[in-house]
Amino acid sequence: MISDQRSSCRIVVTSLLLFFIIMSHALTEGPRFAEPIPNVTVALGRDASLPCVVDNLGNYKVAWIHIDRQMILTIHRHVIARVSRFSVSHDNHKTWLLNVNQVQQEDRGYYMCQVNTNPMISQVGYLQVVVPPNIVDSESTPSSVAVRENQNVTLTCKAEGLPTPKLSWRREDGQPIVIDKKTKVMIQEGEQLNLTRITRSEMGAYLCIASNSVPPSVSKRIILDVEFSPMIWVPNQLVGAPSGTDVTIECNTEAYPKAISYWVYEGIMLLPTKKYLTDIQENSYRTYMRLTVRNLTSKDFGSYRCISKNSLGETEGSIRLYEIPLPSLAPRTTEMGSHAGKNALKSGVVQRTTTTEIPEVKTTTAYATTMSNYVIPASAGHRIEAYWPGTFLLLAASFLFHSGQTVLSIHS
């Protein structure tokens, strides 16, 4: 019994001794880093924090140092560097944060967290500052470029940023880019865009786009003008119209720089009046010219010229306007009944009128043509009805000729 009690006491005493040894060791153990400083990536102008977690700091002090600039930033709670963007904060005397506000490119580099033990202990973390892309205008093609048609041109775009930006080209209007006259691509990569024997169809705005996965991407807009002398084509070189109507003639031109375009008739420039109505529509390097001549007269028929000129040259087109007759139809004849014919014989020659209507045409005035049917008196009570369109006499039966008065007869 006594032996068991002694064994229990020994176990208790041994446990107490082990507890005091562990506690004593814990109280005498120095500071140590609980976790490494992470590498931090931040965009230019944003805020960043580097944590330094220390166990058992005790009365020791924590300092932050920018290794690349060999600059002491903070010691304990005090900021040493004369840079207002740096500050220090701590949490429960264990986590010490180096705060960098509105990060600049010079803040990039290695940072050391140091504890003033003997010997000194420290650890290092890296602050990466990424920079959105920026196009360098001084090293790039100007925003507007002019080149003669069929010449070669190279567009250049330079950009800076971290990581190094990638550059790509595309047309603003969504059309493909023509490479060496054989290949068409929607997007072309690289700092330079080479265009060979450029044509007017390649004129327009080109976009250089720089991106490096750091938002935002940026672009530069370059207007490419292709210069050439005027060209004219006429849809209809020969136009006919009746007198008294209105007529419209057209010319289409292409030119760059923008051309001066106008109409000429008999050596005189035509200005907008009640007689002449001019309309000019422009689309890029194309111009559509229309001239309406109202209420045509004999003086209006002849040769009209459309003229286009710019700094590189001049050209013209010619349209011949000639007169055509109004359209007409054959007349319709209404025969007079037998009773009306008998009554007509009593009174001599009776004129009966038939009106032929002309279908509506695009003229300022509608016209109608009038023709006549006649009943001719005959001797001995014989008669005949006849009608003639124009100069032709059409008879419905046989005819006889007598001296003196002519008698045409088909009834006895």
Through the Karplus equation 6.51 cos²θ - 1.76 cosθ + 1.60, θ set to phi - 60°, convert the phi angles of region 185-190 into ³J(HN,Hα) values in whole Hz; use x for Gly and Pro. 10, 7, 9, 10, 8, x
So ASN59 and SER143, fully extended at 0.36 nm per residue minus their Cα-Cα distance, gain in nm 23.9 nm
Tell me which GluC sites (Glu not before Pro) from region 187-274 have a DSSP coil assignment and no more than 14 other beta carbons within 10 Å of their own. GLU266
Explain nothing, just the number: dipole magnitude of region 266-321 about its Cα centre with +1 on each Lys and Arg Cβ and -1 on each Asp and Glu Cβ, in debye rounded to the nearest 20. 220
Under 13 Å Cα to Cα from LYS166, which aspartates and glutamates show up? Leave out anything in the same chain fewer than 8 places away. GLU189, GLU191
To the nearest 0.05, the calculated FRET efficiency linking GLN192 and VAL83 through their beta-carbon distance, R0 being 45 Å, is 0.65
For region 247-322 and region 82-160, what is the separation of their C-alpha centers, rounded to whole Å? 62
Run down the aspartates and glutamates and flag those whose C-alpha is under 13 Å from the C-alpha of LYS181, throwing out any fewer than 8 positions away in its chain. GLU202
Taking LEU98, LEU162 and counting other beta carbon atoms within 10 angstrom, the fewest-first order is LEU162, LEU98
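Throughout, read-outs are computed from the coordinates displayed, never taken from laboratory work. These numbers were taken from a predicted model, which means no experiment stands behind them. Cβ sites come from the backbone with ideal geometry, for glycine too, and all protein chains shown count toward neighbours.
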